[in-house]
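Please read the structure below before turning to the comments.
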Amino acid sequence: MATFFGAIADDFTGATDLAGLLARSGVPVSLRMGVPTEPPEDTAPLEIIALKCRTSPVDEAVSETQAALKWLKDAGAQRFFWKYCSTFDSTAKGNIGPVAEALMESLGASQTIYCPAFPENGRAIFMGNLFVGEQPLSESPMKDHPLTPMRDSNLARLLSPQVTKPVGLANRLAVAKGAASLADRLSQLTSEGVAHVVVDAVANDDLYIIAEACQDMVLLTGGSAVAMPLPELWAKQGQIEKSSASASRSFDPGAAIVLSGSCSAMTNRQVAEFLAKGGPSFRLDPLEVAQLGSARVLNWLAAQDASATPLIYATAAPDAVRAAQERLGFERAGSLIEATLAACAEEARNLGYRRFVVAGGETSGSVTKALNVSRLTIGAEIAPGVPWCFATSENARIAITLKSGNFGNEQFFSKALEVLER
């Protein structure tokens, strides 16, 4: 089947999040880790390329996404999606706006929308302001994110400094009246020269209205949820086909391991819940890693009984994260932890571990790179936006889930392994 839809995600957990929601439609989804080095072959109707560019310098992010866009166009894609986090977090200068504007120019698009809403996970946009649960983004735990702290909830205000063309709003009043009303609002904004439109959404019904109104746009941007209804719409028009065939979702027998680098509020609770059960665990201290390297944790891992699931984590409270960053520097503190967790993943695979639960976007990128994973098959969802995935790592067939920091409930780590067993 030819590729119709091509998506580019700014991190690996976001890519699996998008893949899991699109797979609900029954249309085949292919997820590739990094820009493929080979020409397109064996492509699916829905192709996703996962990048690790959320916090990259703007020029690097634009260059990498342009390379991904070229590959997707060569694969035959006719509709495109720029996927970023449902908390709209990036650097102060980008990369959400600059990448979107560069993609628009390459595709000849005069307008696109921005909709990071994900109602199933408590992300809503009302009058242009992003809410996490009942809290404005700037009052949520995201205000203390160690890499991309979010101190403003107004999406237009966040986006405007990142782009060169006008930003507008299609608010909930336009969305609630239906797809035709929203299409009229977008047309009005186009006539006013507005290229970048923030669109409100507070419930799943809003997402379906937005998708219907915008399905013919060459480029959409947002969180994964706004793309979820698109395959059904395109299938009804005969532009893509569903498939009864299922891709291989098998993996080799082997132990499970949890690797957690996220310092989000939810991941902190998930780690605490897992620790309370008394299983083997090792906490990574950035200051210790800076001084002694990764030998201690790797030796600890090698000594574990494979019948128990070990947890290796750098998850910590915001104050502890800031203290490490002040001592080591912002970038070094993070890179030390990611490199260590990547080394742990590679060692675990070599020791016979075949089930990997990974928490955190940066961590997921480092782990999948260390495991030399280039393509994922999408399996069952553990929580909204968090599916099990299956891949080959060297000669091993593994199961891996890549969890965005704030996704899932407190029991996520245990539930993930239960879902896989079923």
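The values are calculated or read from the model by the stated rules, or taken from the named source; none is laboratory data. The structure displayed is predicted, hence computed values, not measured ones. Heads up, the Cβs are rebuilt from the backbone with ideal geometry, glycines too, and the neighbour counts pull from every protein chain shown. What goes into the accessible areas is simple: the full protein's heavy atoms, side chains included, and nothing from ligands, DNA or RNA. Shrake-Rupley method; radii C 1.70, N 1.55, O 1.52, S 1.80 Å.
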Within the range 257-264, is there a residue that is modelled with pLDDT under 95, out of contact with any strand residue (DSSP E or B) (no Cβ under 7 Å at 6 or more places or on another chain) and either farther than 30 Å from Pro318 by Cα or among the polar types (S, T, N, Q) (or both)? yes
Select from the range 269-303 the residues that are buried (at least 19 other Cβ atoms within 10 Å of the Cβ) and within 26 Å of Glu421 (Cβ to Cβ) and write down the one among them that is nearest to the chain's Cα centre (by Cα). Gln270
In the range 211-294, which helices (runs of 4 or more DSSP H) lie fully inside it and hold 2 or more residues that are under 27 Å from Asp144 (Cα atoms)? 265-276, 286-292
Within the range 32-58, how many residues are closer than 30 Å to Gly334 by Cα and open to solvent by 40 Å² or more (accessible area, probe 1.4 Å)? 6
Just to confirm my filter: which helices (runs of 4 or more DSSP H) fall fully inside the range 305-422 and include at least 2 residues that are polar (S, T, N, Q) and surrounded by fewer than 20 Cβ atoms within 10 Å (Cβ to Cβ)? 330-350
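Search the range 222-245 for residues being among the polar types (S, T, N, Q) and more than 22 Å from the chain's Cα centre (by Cα), and hand back the single one that is surrounded by the most Cβ atoms within 10 Å (Cβ to Cβ).
Step by step, filter the range 222-245, then rank; the result is Gln239.
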Looking for whichever is touching a residue at least 12 places away in the same chain (Cβ under 8 Å), buried (at least 24 other Cβ atoms within 10 Å of the Cβ) and among the β-branched types (Val, Ile, Thr) here; the options are Val29, Val62. Which one fits? Val29
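Condition test on Ala195, is it closer than 28 Å to Glu47 by Cβ, of a type outside the set (Ser, Thr, Tyr) and touching a strand residue (DSSP E or B) at 6+ places or on another chain (Cβ under 9 Å)?
Details: closer than 28 Å to Glu47 by Cβ: yes; of a type outside the set (Ser, Thr, Tyr): yes; touching a strand residue (DSSP E or B) at 6+ places or on another chain (Cβ under 9 Å): yes.
Yes.
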Restricting the range 91-147 to residues that are in contact with a strand residue (DSSP E or B) (Cβ under 9 Å, 6 or more places away or on another chain), of a type in the set (S, T, N, Q) and open to solvent by less than 10 Å² (accessible area, probe 1.4 Å), the one modelled with the highest pLDDT turns out to be Thr112
Looking at (1) closer than 22 Å to Phe282 by Cβ; (2) free of Cβ contacts under 8 Å to residues at least 12 places away in the same chain, which is the one condition that is false for Gly329? (1)
Is it the case that the range 199-210 has a residue that's at pLDDT 95 or above, surrounded by 24 or more Cβ atoms within 10 Å (Cβ to Cβ) and part of a loop (DSSP other than H, G, I, E, B)? yes
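Working carefully through the options Ala67, Ala23, Ala77, find the one that is small (Gly, Ala, Ser), buried (at least 19 other Cβ atoms within 10 Å of the Cβ) and at pLDDT 95 or above. Break it down into steps so the answer makes sense when it comes.
Values: Ala67 fails: buried (at least 19 other Cβ atoms within 10 Å of the Cβ); Ala23 fails: at pLDDT 95 or above.
When all the criteria are applied, what remains is Ala77.
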